[in-house]
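We did not get these values from a lab; they are worked out from the coordinates using the rules stated. Here the structure is a predicted model, which means the values were calculated and not measured. Neighbour counts are summed over all protein chains in view; Cβ atoms, including those assigned to glycine, are modelled from backbone coordinates with ideal geometry.
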Amino acid sequence: MPQTLESAAKAPLPLTALTDDELLFRDQVRQFANDSIRPKVREMDEKGVFEPAIIRQFFELGLMGVEIPEAYGGAGGTFFESILLVEEVSKVDPSAGVIVDVQNTLVNNALLRWTTEDQKKRYLPKMVADTVGAYALSEAASGSDAFALQTRAELKGNEYILNGRKLWITNAKEAGVFILLATIDPAAGYRGITAFIVEKDFPGFSVGKKEDKLGIRASSTCELILEDCRVPKANMLGEPGKGYKIAIETLNEGRIGIGAQMIGLAQGAWEHALRYSQERKQFGKSISDFQGVQFQLAQMATEIEAARMLVYNAARMKDVGMDFVKQAAMVKLFSSQVAERVASLSVEIYGGYGFTKDYPVEKYYRDAKIGKIYEGTSNMQLQTIAKMLLSGK
Ligand SMILES: Cc1cc2nc3c(=O)[nH]c(=O)nc-3n(C[C@H](O)[C@H](O)[C@H](O)COP(=O)(O)OP(=O)(O)OC[C@H]3O[C@@H](n4cnc5c(N)ncnc54)[C@H](O)[C@@H]3O)c2cc1C
């Protein structure tokens with residue numbers, strides 16, 4: 001414990017301490033999520049369609065370009081603020097959370113980091129104003145083994161001609177811009193993988209079947225079809241054969257975003273469970289008067305707090321330029337475990353009502369499952385963590 005005010009001032013701040021700007025931003029997002037998203041959550045989940053008006057509001061509020069510099073019309077914020085955004089929105093609806101997450105932590109991140117100045121001028125203002133982004137790496141036969149992808153890109157004159165199919169692409173129904181990975185040389189293995197900026201109106205590009213999912217049902221997940229899709233050479237992202245680096249580095253940051261989605265989800269489920277436990281009466285008292293229920297609530301809150309520390313720490317590490325690869329994998333692994341446990345216990349605290357669609361907790365339980373699958377399954381996170389530990393990092 002710091003002994004004097006002077007030593008307290010020099011001590012590092014607690015991980016959960018927020019600056020005035022961060023607090024203001026978080027509270028604005030919280031209010032928006034409660035006022036504008038919450039009333040639509042059940043209907044969007046049932047229909048499996050995200051309300052276009054909410055996406056328009058995301059843009060109006062500057063939530064689709066958090067880190068994009070003001071010079072390109074963005075908010076000029078930090079990665080940490082993107083994380084607060086994903087957490088707050090996911091508390092109310094993890095489907096809404098993944099929309100802003102993919103936009104900010106994957107697509108904008110890749111565009112900010114790897115584009116030329118010309119590409120920045122062409123794309124960043126759109127991402128802030130009205131264009132949803134998607135990130136297309138996975139294919140039917142390449143998920144965990146992502147660099148076994150088969151979508152082919154061949155240079156012909158001033159264009160790359162893309163052929164192949166992508167699967168599981170989040171935001172595909174709404175997106176105007178896709179960061180898409182293809183190979184320019186299958187014989188070169190991962191060294192052939194190249195990233196492209198593909199627009200939905202490019203000839204030969206179409207969005208295919210939309211998946212009917214267990215959870216995050218309002219978030220669109222679709223196949224992409226590339227049939228002699230013509231992509232201008234000027235739309236290559238980074239260097240030829242360096243797409244694997246873009247994919248790896250972007251996903252490292254993305255995993256912190258999924259961690260934020262999962263802690264938001266867990267907090268949302270827990271808040272419902274807490275409220276319900278104080279209202280529901282059995283044996284003549286609130287079920288929250290029983291020590292068994294109190295301990296469940298306490299255990300859940302402790303796990304959420306621990307996961308939040310991991311998420312916030314990794315995000316702050318990214319913002320100050322520290323190496324965060326191991327921490328990002330830990331964030332994704334642990335926060336998805338916590339989300340699943342907390343959502344499951346929340347259903348139990350609601351008893352039979354929790355098992356019905358008349359109450360909100362069953363949806364959190366369904367939504368939690370994806371946290372262990374996308375942006376690298378839990379086994380893939382364990383593999384990364386173990387590799388780093390065994391190499392002394
Ligand atoms: C809702 C949803 C949204 C998605 N959004 C996107 C998106 O926007 N963009 C995108 O590119 N992709 C997206 N994905 C794809 C997602 O990233 C993949 O599904 C994920 O990486 C797993 O790949 P797979 O489904 O092919 O499973 P597989 O790779 O076939 O894995 C199956 C099982 O085998 C295990 N396994 C595989 N290899 C190993 C190994 N070496 N050691 C130990 N265990 C192993 C896995 O852990 C898993 O349990 C999305 C998926 C879903 C379901």
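Picking from Ala269, Gln296, Tyr365, whose Cα lies most toward the positive end of the charge dipole for region 267-393 (charges on Cβ: Lys, Arg +1; Asp, Glu -1)? Result: Tyr365. A cut-off under 15 angstrom between Cβ atoms defines the neighbours of Thr356, and their net charge, with Lys, Arg +1 and Asp, Glu -1, is 0. Taking the inverse of the mean 1/r over every pair of distinct Cα atoms in region 195-267 gives a Kirkwood hydrodynamic radius of 15.0 Å. Only Cα sites of region 40-104 enter the Debye sum here, all with the same form factor; the resulting log10 I(q)/I(0) across q = 0.12, 0.15, 0.16 1/Å is -0.30, -0.46, -0.52, listed in q order. In order along region 56-63, phi translates into HN-Hα couplings of 4, 5, 3, 5, 4, 8, x, 8 Hz, rounded to whole numbers, per the Karplus curve 6.51 cos²θ - 1.76 cosθ + 1.60 with θ = phi - 60° and x for Gly and Pro. Relative to the dominant Cα principal axis of the chain, helix 325-349 is inclined by about 50°. If I fit a long axis through the Cα atoms of helix 117-129 and take the longest principal axis of the Cα atoms of the chain, what angle between them do I get, 0 to 90°, rounded to 10? For helix 117-129, the angle is close to 40 degrees. Derived from the Cα gyration tensor, the three semi-axes of the equivalent ellipsoid of region 79-195 are 27, 18, 12 Å, largest first. Judged by the gyration tensor of its Cα atoms, with axes a ≥ b ≥ c, the chain is prolate; a/c meets the 1.5 cut and a/b is the larger of a/b and b/c.
Working note: Karplus 6.51/-1.76/1.60 with θ = phi - 60° gives region 161-173 the couplings 9, 9, 9, x, 9, 10, 10, 6, 8, 5, 6, 4, 5 Hz, where Gly and Pro are set to x. By the helix-only formula, in which each DSSP H run with n ≥ 4 contributes -39500 (n - 2.57) and the sum is divided by residues, the chain has a 222 nm mean residue ellipticity of -15500 deg cm²/dmol. Under a model in which nothing but the beta-carbon of Lys, Arg (+1) and Asp, Glu (-1) is charged, region 156-315 shows a dipole of about 200 debye around its Cα centre. Over region 304-361, the reciprocal of the mean inverse Cα-Cα separation, the Kirkwood hydrodynamic radius, stands at 12.9 Å. For region 99-152, what D do you get in µm² per second when you plug the Kirkwood radius from alpha-carbon pairs into Stokes-Einstein at 25 °C and 0.890 mPa s? Answer, rounded: 196 µm²/s. Test of understanding: given the chain, find the longest segment containing no chymotrypsin sites (Phe, Trp or Tyr not before Pro) that are in a DSSP loop and have at most 16 other Cβ atoms within 10 Å. For chymotrypsin sites (Phe, Trp or Tyr not before Pro) (loop position, at most 16 other Cβ atoms within 10 Å), the longest site-free span of the chain is 1-282.
Here the dipole of region 33-121 is about 120 debye; that uses its Cα centre as origin and unit charges on the Cβ of Lys and Arg (positive) and Asp and Glu (negative).
Charging the Cβ of each Asp and Glu at -1 and of each Lys and Arg at +1, and nothing else, the dipole of the chain about its Cα centre rounds to 720 debye. Over all orientations, region 1-133 has a Cα convex hull whose mean projected area works out to 10.1 square nanometres. In plain terms, the bigger the Kirkwood radius, the slower the diffusion; for region 215-342, with that radius from Cα pairs, at 10 °C and 1.306 mPa s, Stokes-Einstein puts D at 89 µm²/s.
The lysines whose alpha-carbon is closer than 17 Å to the alpha-carbon of Lys120, local same-chain residues fewer than 8 away aside, are Lys233. Pairs exceeding 24 Å between alpha-carbon atoms, taken from Lys126/Lys332; Lys47/Lys126; Lys242/Lys318; Lys40/Lys91; Lys156/Lys210: Lys126/Lys332; Lys47/Lys126; Lys156/Lys210.
Taking every C-alpha pair closer than 8 Å and separated by at least 6 residues, the mean separation divided by the residue count of region 119-199 gives a relative contact order of 31 percent.
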